[in-house]
């Protein structure tokens, strides 16, 4: 398996350019490494599948992902609706802890 990713980061602000670009590059690297680890871990599930099986699996995962995203968006909207202050000023609160997408995150 071979995979190439091209990531370009450009920030034309003197003084913080290098630090911000380095931070973004490191973050992208971590994201890509997690994705590659997951792909290798799932090879056993994919082995022996025909192309039709793979397409069916992709559609199943897409619908599950969309359903989960809709649930998360609905929960966030419900939280926003229930926490709206009655006064005119809005003060941001502490964000809720982020739920991980995968059990180990």
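Taking neighbour counts of Cβ atoms within 10 Å as a proxy for exposure, in what order, fewest first, do 50, 65 appear? Display every interim value, and only then the final one.
Details: 50 8, 65 11.
Least crowded to most crowded, the residues run 50, 65.
Could you check the simple spin-label distance between residue 37 and residue 7, using points 7 Å along Cα→Cβ, in nm with one decimal?
Between residue 37 and residue 7, the label points sit 1.5 nm apart.
Counting other C-beta atoms within 10 Å, which of 14, 46 has the fewest, and how do the rest follow?
On the way: 14 6, 46 11.
Listed from fewest to most nearby Cβ atoms, that is 14, 46.
Just to verify a number: FRET efficiency for residue 77 and residue 28, C-beta to C-beta distance, R0 = 30 Å, to 0.05?
0.55
Rule-based calculations on the coordinates, nothing more; no lab input. Predicted, not measured: the structure shown is a model, and the values here were computed from it. Using ideal geometry, Cβ is built from the backbone for each residue, glycine included, and neighbour counts are taken over all protein chains shown.
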